[in-house]
Amino acid sequence: MREALRDLENEAVHVLREVQQRFERPAILWSMGKDSTTLMWLARKAFFGEIPFPVIHIDTSYKFPEMYAFRDRYAAEWGLDLRVHRNEEALAAGMGPQRGGKLECCTALKTVALQQAIAAGGHDAVLAGIRGDEHGVRAKERVFSPRDASFNWDYQNQPPEFWDLHQDAVAADGHIRVHPLLRWREVDIWEYVQQEEIPVPDLYFAKDGQRYRSIGCACCCSPVSSGSSTLVDIVLEVRTARDGERAGRAQDKEDQAAMQKLRALGYM
């Protein structure tokens, strides 16, 4: 493993252990994508094969079937305390990709659902596998990022982070979002997946000249042209790619400011 990647691994493990020590009711988010699955892998490394806090999957009910199968398999194999949460009220009211815009759907089925899950579990810290290079808005984040009692993110007034000194002060009834992979790049993730042999959904591997570079709800993700059917191929492809990782995400195309709006309201 190259030295820079080993440093990223060590930093992430340190953050995970710091969260376990500092907070009373932490939880970790798992979307079954490559980033959050890498975070799960690192958590199992940090705690000697087990994850000592709940694993939350925010289920819109519109994920790829392959993602649900992947979730159920590894939740069982890894012995996870998996807690699946859906915004049942919004789903019962007919919320979905065919109603309103993508921002409205994501707000109801992702952001509000996440708020409900955090409130229900009383979580004071929530670990998420976001990376700063994935989207310009996520690059504004901190490793320890406070949310207020309304789950809002004040991206214009964030605590400074010097070296590895993380601020955990939070407003009453608020919580901290923790991002151990914030400094990782897409290529770092794929190199780490390759070297650690981390399982990822088959959607990432090319079939008939196409593969998914970013996965989420099936209705909002489009494949990209690719012949990368192995991890070696994917690493080489990502190193030279010119298109952004989220080029196939429908919500980004519908509203260029969608991510900032969603994250300000409490989205992952």
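Every number here is computed from the coordinates shown, using simple stated rules; none is lab data. Quick caveat, the model's predicted, so the values are computed rather than measured. Because the Cβ atoms are built from the backbone with ideal geometry, glycine has one as well, and the counts that use them run over all protein chains shown.
Within the chain, which is the longest segment containing none of the GluC sites (Glu not before Pro) that sit in a DSSP loop and have at most 10 other Cβ atoms within 10 Å? Present the calculation step by step, with values, prior to reporting the outcome.
Numbers: sites that count: 24, 197.
Free of exposed loop sites, the longest segment is 25-196.
Can you list residues whose amide H is under 5 Å from residue 63's amide H, if they're 5+ apart or on another chain and H is modeled 1.01 Å from N?
Those qualifying (amide H under 5 Å, at least 5 residues apart or on another chain) are 218.
Can you tell me the FRET efficiency between residue 233 and residue 98 if r is taken as the Cβ-Cβ distance and R0 is 22 Å, rounded to the nearest 0.05?
Working: r = 35 Å, r/R0 = 1.61.
It comes to 0.05.
Would you kindly state how much longer the chain becomes between residue 50 and residue 89 on full extension, computed as 0.36 nm times their sequence separation minus their alpha carbon distance, in nm to one decimal?
Numbers: separation 39, 0.36 × 39 = 14.04 nm, distance 3.33 nm.
Additional length available on full extension: 10.7 nm.
Please state the charge dipole magnitude for the range 1-140, taken about the Cα centre, from unit charges on C-beta atoms (+1 on K and R, -1 on D and E), reported in debye and rounded to the nearest 20.
Details: 19 positive and 19 negative charges, 43 e Å.
Around 200 debye, computed over the range 1-140.
Return 239, 211 ranked ascending by Cβ neighbour count within 10 Å, so the fewest neighbours appear first. Each step should come with its number before you reach the end.
Values: 239 12, 211 23.
By the 10 Å Cβ count, ascending: 239, 211.
Using a 10 angstrom Cβ neighbour count of at most 14 plus a DSSP loop assignment to flag exposed chymotrypsin sites (Phe, Trp or Tyr not before Pro), which longest range of the chain is free of such sites?
On the way: sites that count: 48, 155, 163.
After excluding every exposed loop site, the longest remaining stretch is 49-154.
Dividing the alpha-carbon radius of gyration of the range 201-252 by 2.2 N^0.38 Å (N being the number of residues), what value is obtained?
On the way: Rg = 10.5 Å, N = 52, 2.2 N^0.38 = 9.9 Å.
Computed over Cα atoms of the range 201-252, the ratio equals 1.06.
Work through the residues other than residue 6 whose Cβ is under 14 Å from its Cβ and net out their charges, Lys, Arg +1 and Asp, Glu -1.
Numbers: positive: 2, 45, 183; negative: 3, 7, 9, 11, 188, 191, 196.
Here the count lands on -4.
Using modelled amide H (1.01 Å from N, peptide plane; none on Pro or chain starts), what sits under 5 Å from the amide H of residue 126, excluding residues fewer than 5 places away?
Here the answer is 27, 176, 177, 178, since their amide H atoms fall under 5 Å of that of residue 126.
Which Cα, out of 118, 103, 226, lies furthest along the positive dipole direction of the chain (beta carbon charges, K/R +1, D/E -1)?
The Cα lying farthest towards the positive end belongs to 103.
How much of the DSSP bridge set in the chain is antiparallel, in percent, rounded to the nearest 5? Spell out each step's value before the answer.
On the way: 10 of 22 bridges.
Among the beta bridges of the chain, antiparallel pairing accounts for roughly 45 percent.
Determine the alpha carbon to alpha carbon distance for each of 45/207; 34/140; 34/110 and list only those over 27 Å.
Values: 45/207 32 Å; 34/140 21 Å; 34/110 18 Å.
Checking Cα-Cα distances, 45/207 exceed 27 Å.
Using the beta-carbon distance between residue 22 and residue 62 and R0 = 45 Å, what value does 1/(1 + (r/R0)^6) give for FRET efficiency, to the nearest 0.05? All intermediate terms of the calculation are to be shown ahead of the outcome.
Details: r = 35 Å, r/R0 = 0.78.
Here the calculated transfer efficiency is 0.80.
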